[in-house]
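Have a look at the structure below, then the notes.
The values are calculated or read from the model by the stated rules, or taken from the named source; none is laboratory data. Everything numeric here is computed off the predicted structure, so don't read it as measured data. In this analysis, Cβ positions are derived from the backbone assuming ideal geometry, glycine residues included, and neighbour counts consider all displayed protein chains.
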């Protein structure tokens with residue numbers, strides 16, 4: 001009896017994971033774009049400080 005309940009719960013969990021995959025894929029694309037911007041954008045040039 002317990003194994004049937006656990007198997008059913010596991011299947012429901014797997015179904016929920018599969019339904020979440022498109023959302024996860026979309027979020028992963030956003031993160032990849034953000035990392036790309038951070039990694040490959042040149043830093044802003046620094047202003048020269050006047051000599052003292």
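For the range 36-45, the condition of being outside any loop (DSSP other than H, G, I, E, B) and surrounded by 10 or more Cβ atoms within 10 Å (Cβ to Cβ) holds for at least one residue. Please indicate, with yes or no, whether at least one residue in the range 2-9 is modelled with pLDDT of 75 or more, loosely packed, with under 10 Cβ neighbours inside 10 Å and over 11 Å from the mean Cα position of the chain (by Cα). The answer is no; no qualifying residue exists.
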